[in-house]
1. Based on what the data block shows, is residue 81 modelled with pLDDT of 95 or more and closer than 20 Å to residue 144 by Cβ?
2. Within the range 1-12, which residues are assigned to a loop (DSSP other than H, G, I, E, B) and surrounded by 16 or more Cβ atoms within 10 Å (Cβ to Cβ)?
3. In the range 13-56, how many residues are surrounded by fewer than 19 Cβ atoms within 10 Å (Cβ to Cβ), farther than 28 Å from residue 169 by Cα and within 13 Å of the ligand (Cβ to nearest atom)?
4. How many residues does the range 57-73 contain that are surrounded by 17 or more Cβ atoms within 10 Å (Cβ to Cβ) and within 16 Å of the ligand (Cβ to nearest atom)?
5. Could you list, in sequence order, the residues of the range 122-169 that are at positive phi and in contact with a strand residue (DSSP E or B) (Cβ under 6 Å, 6 or more places away or on another chain)?
6. Please go through (1) in contact with a helix residue (DSSP H, G or I) (Cβ under 8 Å, 6 or more places away or on another chain); (2) in a strand (DSSP E or B) for residue 28 and return the number of the only condition it doesn't satisfy.
7. Got a sec? Which of 103, 79, 83 is in a loop (DSSP other than H, G, I, E, B), in contact (Cβ under 8 Å) with a residue 12 or more places away in the chain, crowded, with 16+ Cβ neighbours inside 10 Å and away from the ligand (no atom under 16 Å from the Cβ)?
8. How many residues does the range 129-152 hold that are closer than 18 Å to residue 83 by Cβ and assigned to a loop (DSSP other than H, G, I, E, B)?
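The values are calculated or read from the model by the stated rules, or taken from the named source; none is laboratory data. Since the model is a prediction, treat every value here as computed from it, not as a measurement. Note that each Cβ is placed from the backbone with ideal geometry, even for glycine, and that neighbours are counted across all protein chains shown.
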Ligand code: ADP
């Protein structure tokens, strides 16, 4: 599976109430990159994802998404409470009218990928917060996304669960090599997850810096405690602080 391209050219987004959510955004994401969008609340990160997914259209400029196989997960797992884990995971495939035999194979594979095979018959209320997010990830995996958008998916989880899910998402990416765009306001999460960190500032929402992450595919807790990790995180923190004064 290979990832899609995603291009924003001179993109601006002004809402009818006058809020300029994005201004002058130029960003090219290559197939198979994993880009973290990092910045304070209100700097337009979610708006950028909505444009990438086609849910919104920019006021000016061009957004080009090289696929219609898009996965999208949010902070809220948005599961249907009366459906089992496996029925929730099958949902988007059903909406896409995948043949039943193919869908069943994909659901089995997606549940396996996120470690929920044993919980296939459970209802959402019987799951932990982390497991609900895994169900949400599996639901998007069923459609074999070439572009996977993550809108701060783990912001509401405790740190331990969040770090575990960070590794799970990285494992999915290493296996499928979709193009990933991951919104967060955690510097550590951005640097750990991404191949490139795009830093945004607010009022108006815009890109204020970009950093290639110098770590390869193999990342673990040692990565988080390495001098390079601290150095890059410090640089990004300085940039964000400078943009806020
Ligand atoms: P972030 O994801 O970085 O927190 P958002 O993309 O959600 O930022 O929002 C960027 C700015 O646009 C914020 O000031 C927000 O209040 C505003 N905004 C978002 N959606 C709308 C909307 N539908 N109408 C008016 N303003 C909006």
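1. Judged against the criteria, residue 81 is not a match.
2. Step one: of the range 1-12, the residues assigned to a loop (DSSP other than H, G, I, E, B) are 1-5.
Within the range 1-12, 3, 4, 5 meet the criteria.
3. The total comes to 7.
4. 5
5. 152, the sole residue that qualifies.
6. The single condition residue 28 does not satisfy is (1).
7. 79
8. Adding up the residues that qualify gives 2.
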